[in-house]
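Heads up, the thing below is written out as structure tokens.
The values are calculated or read from the model by the stated rules, or taken from the named source; none is laboratory data. Model, not experiment: these values are computed from the prediction. Ideal geometry is used to build each Cβ from the backbone, glycine not excepted, and the neighbour counts take in all protein chains shown.
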Amino acid sequence: MPTNPKIDTNDPAQAESARAMLVQYLQEAHATEQALASTLTAHIAMTPQGSYRALLERHLTETKQQDRALTRRIREIGRDRGVLAGALGLVESAIGQALVLTKGPIDMLRGTGGEEKLLKNAKDEAATEALEIATYDAIEALALAVGDETTAKLAARHRAQEERMLEGLRRLIPSLTHAVVQARAGGKPSYDWETTGAADTVRKAGRKAQRKAKTTQRPRAKRAEAPLSDYDKLTASQAVAKLTDLTQEQLGLLVAYERANRKRATVVERAQSLQENEPFSGYDDLTARDVAQRVRDADEATAQKVRQYEGRHQRRVEVLEAAQRQLSASS
């Protein structure tokens with residue numbers, strides 16, 4: 001085997017093999033992200049409130065965003081090549097990955113107590129993050145080889161999120177390990193079921209049942225999904241303050257949730273005022289650095305849209321400055 005092999009894109013066979021592998025690995029990443037979302041949801045349900053649960057909830061949001069971004073990119077590549085390549089492979093990959101990764105509910109039965117369940121979950125999650133990092137390394141290498149800069153940037157962005165998650169897990173594993181030892185030695189347990197996601201769900205279900213009993217005169221619509229963690233604890237002013245940080249999809253969920261539950265007019269009206277088209281497809285899934293890079297090569301109309309949209313939403317300085325520089329250069 002050569003010391004440092006390189007894909008020869010001038011060789012039609014190598015170039016086509018690289019493109020096919022790129023689609024395959026994107027599909028594998030997509031299947032992994034879908035399965036991981038299920039695993040994280042299960043793990044959150046058994047994790048007490050605190051730094052570990054906050055880490056899981058943040059990464060669940062990132063994982064769902066990655067899933068959507070991968071879906072879009074696979075479709076875009078499929079359209080470019082005239083087919084949605086490897087559709088069967090995607091299904092088979094999803095099934096295979098799900099069998100490996102969606103064992104979170106089984107982990108609830110492992111270990112001698114809650115502390116040990118959390119430690120085993122964290123170790124499993126760390127292994128999954130390492131797998132994802134390696135997959136995105138391969139995707140970026142293939143994309144760069146065939147000149148697919150968009151996919152290369154997507155892989156680099158997702159890998160950075162996985163690396164941050166893995167780093168967070170590794171910081172937590174020592175304290176989770178110590179908690180297991182203390183629990184086994186008969187010390188005061190640190191695991192509190194009353195503060196887990198499952199307990200939160202039970203309490204919410206109980207409150208929902210009480211409300212339903214009080215309003216039997218008319219049927220209630222199915223409750224929409226909460227757009228943010230701990231959203232029900234926010235006052236109207238606190239909820240409004242968070243709206244500019246939400247994606248268009250999250251804003252839609254929030255409006256539906258408010259209408260189905262608390263019906264706070266100030267929240268709904270402000271959220272609706274922020275609902276609009278993104279400056280370009282996938283904008284809300286990009287980091288500030290990625291948007292700024294796109295703006296540097298954008299035309300004047302796109303730069304103007306970015307400046308206006310960003311000014312109404314997240315107001316990230318790096319993005320606003322990049323848009324202004326591009327507009328100044330165009331004038």
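Some notes on this structure:
Residue-wise test of (1) under 29 Å from Phe280 (Cα atoms); (2) in a loop (DSSP other than H, G, I, E, B); (3) in the same structural domain as Ser38 (by TED's automatic domain parsing); (4) modelled with pLDDT of 90 or more.
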{"residue": "Tyr52", "(1), (2), (3), (4)": "no, no, yes, yes"}
{"residue": "Leu55", "(1), (2), (3), (4)": "no, no, yes, yes"}
{"residue": "Arg58", "(1), (2), (3), (4)": "yes, no, yes, yes"}
{"residue": "Thr61", "(1), (2), (3), (4)": "yes, no, yes, yes"}
{"residue": "Arg68", "(1), (2), (3), (4)": "yes, no, yes, yes"}
{"residue": "Ile77", "(1), (2), (3), (4)": "yes, no, yes, no"}
{"residue": "Leu84", "(1), (2), (3), (4)": "yes, yes, yes, no"}
{"residue": "Gly89", "(1), (2), (3), (4)": "no, no, yes, no"}
{"residue": "Ala98", "(1), (2), (3), (4)": "no, no, yes, no"}
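- Applying the condition of being more than 20 Å from Ile7 (Cα to Cα) and among the acidic types (Asp, Glu) to segment 148-163 and asking which residue is nearest to the chain's Cα centre (by Cα) yields Glu162.
Let's see how each residue does on (1) in contact with an Asp or Glu (Cβ under 7 Å, 6 or more places away or on another chain); (2) farther than 23 Å from Glu76 by Cα; (3) buried (at least 20 other Cβ atoms within 10 Å of the Cβ):
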position	(1), (2), (3)
Pro279	no, no, yes
Asp284	yes, no, yes
Ala292	yes, no, yes
Glu300	no, yes, no
Gln304	no, yes, no
Glu310	no, yes, yes
Gln314	yes, yes, no
Val319	yes, yes, yes
Ser328	no, yes, no
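- Residue within segment 236-247 that is more than 20 Å from the chain's Cα centre (by Cα), surrounded by 14 or more Cβ atoms within 10 Å (Cβ to Cβ) and free of Cβ contacts under 8 Å to residues at least 24 places away in the same chain present: no
- Hits in segment 269-318 (condition: part of a helix (DSSP H, G or I), of a type in the set (A, V, I, L, M, F, W, C) and more than 20 Å from the chain's Cα centre (by Cα)): Ala271, Leu274, Ala292, Val295, Ala301, Ala303, Val306, Val317
- Number of the condition not met by Val267 [criteria: (1) surrounded by 20 or more Cβ atoms within 10 Å (Cβ to Cβ); (2) not assigned by TED's automatic domain parsing to the domain that holds Leu253]: (2)
- Taken together, the residues in segment 270-307 that are within 30 Å of Ser237 (Cβ to Cβ) and acidic (Asp, Glu) amount to 4.
- Residue match in segment 167-179 (condition: part of a helix (DSSP H, G or I), at pLDDT 85 or above, basic (Lys, Arg) and exposed (fewer than 14 other Cβ atoms within 10 Å of the Cβ)): yes
- Segment 1-50 - residue that is under 18 Å from Arg72 (Cβ atoms) and either of a type in the set (Ser, Thr, Tyr) or loosely packed, with under 15 Cβ neighbours inside 10 Å (or both) and, of those, modelled with the lowest pLDDT: Thr32
- Inter-residue pairs, beta-carbon under 7 Å, first among the hydroxyl-bearing types (Ser, Thr, Tyr) and in segment 299-319, second surrounded by fewer than 16 Cβ atoms within 10 Å (Cβ to Cβ), 6+ apart: Thr302/Phe280
- Residue ID - nearest to Ser281 (Cα to Cα), chosen from residues in segment 32-50 that are small (Gly, Ala, Ser) and out of contact with any strand residue (DSSP E or B) (no Cβ under 8 Å at 6 or more places or on another chain): Ala37
- Subset tally (residues that are free of Cβ contacts under 8 Å to residues at least 40 places away in the same chain and among the hydrophobic types (A, V, I, L, M, F, W, C)) for segment 11-53: 2
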